Structures are given as structure tokens and as C-alpha cells.
1. For the chain, what is the relative contact order in percent, using Cα pairs closer than 8 Å and at least 6 residues apart in sequence?
2. At what distance in angstrom do the alpha carbon centres of the range 45-111 and the range 1-36 lie from each other?
3. Which of the three applies to the range 21-103, rounded, prolate or oblate, going by the alpha-carbon gyration tensor with a ≥ b ≥ c and a/c under 1.5 meaning rounded?
4. What angle, in degrees between 0 and 90 and rounded to the nearest 10, separates the Cα long axis of helix 94-103 from the longest principal axis of the Cα atoms of the chain?
5. Are there trypsin sites (Lys or Arg not before Pro) in the range 12-101 that DSSP puts in a loop and that have at most 11 other Cβ atoms within 10 Å, and which ones?
6. Take GLN14 and ARG72, extend 7 Å from each Cα along the Cα→Cβ direction, and tell me the distance between the two endpoints in nm.
7. Given the DSSP H assignment, sum -39500 (n - 2.57) over each helix run of at least 4 residues in the chain and divide by its residue total; what's the result at 222 nm in deg cm²/dmol, nearest 500?
8. Give me the number: length gained by fully extending SER5 to ASP83, i.e. 0.36 nm times residue separation minus the C-alpha to C-alpha distance, one decimal in nm.
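Each value in this text was obtained by applying a stated rule to the coordinates, not by laboratory testing. All figures in this text were calculated on a predicted structure; none of them were measured in a lab. Neighbour counts are summed over all protein chains in view; Cβ atoms, including those assigned to glycine, are modelled from backbone coordinates with ideal geometry.
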Amino acid sequence: MITVSNDDLIAAAQAVVHPHRVGDRLFGDVGAALVTEDGNVYAGVCIDTGSGTGFCAEAAAIGAMVTAREYRIARIVAVWRDDDGVWVVLPPCGRCREFIRQIDWANIDTEVILGRGRTALLRELLPAHEWPGPLD
């Protein structure tokens, strides 16, 4: 039974946000947290690079989860703080939506937190998610 609330998960994502620059690169301005079906929480931050080889905070959190040999995501959230200090929940980008699905096929039913009291299943955010059938 998962006892981590959405607010707990948002707080876990907020806790890892520590934006800082290394040269012209920005690290850690978006944080993500997820809870697995077993109730374990994993977090990560984004890494922005000029060449586009960086990755999103969701991917970092998923990497931590996979390192711990877990694959099923019950819920996930990403957060960012704007220049005025206001926290914003960010929906996963298209790449992250597909990444979540490909980690485990059952993750199509991952609950994505879109704000306080607002969620959607990954299947609702990732249309045409079924594997295609043969052409003929």
C-alpha cells in the first residue's frame, strides 16, 4: 500500500531543486520525484547542456529507480520555481512520457501529477500509445 501523498511527492521534488551554473550550463532548476508501486520514492534533477544531450529531471528520478531494480511507477511529478519564487508543476515532455512507458509497459497507467488535486494517467497524456499492428 502506497502511503506517499501527492503533496509529499511534490515536496520531495521541491527538496532537490537547487539551480546552479557550471560555466554556461544550468543544473538542477527542475526537480522530479516518483513513487513506485512498492512505495519507494526516488528523485532527480534536470541537466541542461548546450548540445541538447542533457536530460530531464524525470529521467534522473527514473534512473535512480532503475538503479534500485524497480520499474513500476505509481505516480510522478516535476516542479520548477519561476523567477518570482512561485512553484510550478510541469507536465512531462513528450520524450519523458514515452520514456516512462518504455521502462515498463504497465507504466501506461502511471498517475502524473499536474497540480494540487489534478492528475492524469499517462495513457491520457500519451495518445496513440499502442504498439502498431502489421501494415497488411
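1. Working: 273 pairs, mean separation 25.0, N = 136.
Relative contact order comes out at 18 percent.
2. Using only Cα atoms to place each centre, the spacing works out to 10 Å.
3. Working: a/c = 1.98, a/b = 1.50, b/c = 1.32.
Cα axes put the range 21-103 in the prolate bin.
4. 60
5. Working: sites: ARG21, ARG25, ARG69, ARG72, ARG75, ARG81, ARG95, ARG97, ARG101; in loops: ARG69, ARG72.
Passing both the DSSP loop test and the Cβ count: ARG69.
6. Taking the simple label geometry, GLN14 and ARG72 are separated by 3.0 nm.
7. On the way: 4 runs with 35 residues, N = 136.
The helix contribution divided over the chain gives -7000 deg cm²/dmol.
8. Numbers: separation 78, 0.36 × 78 = 28.08 nm, distance 2.72 nm.
Value of the extension gain: 25.4 nm.
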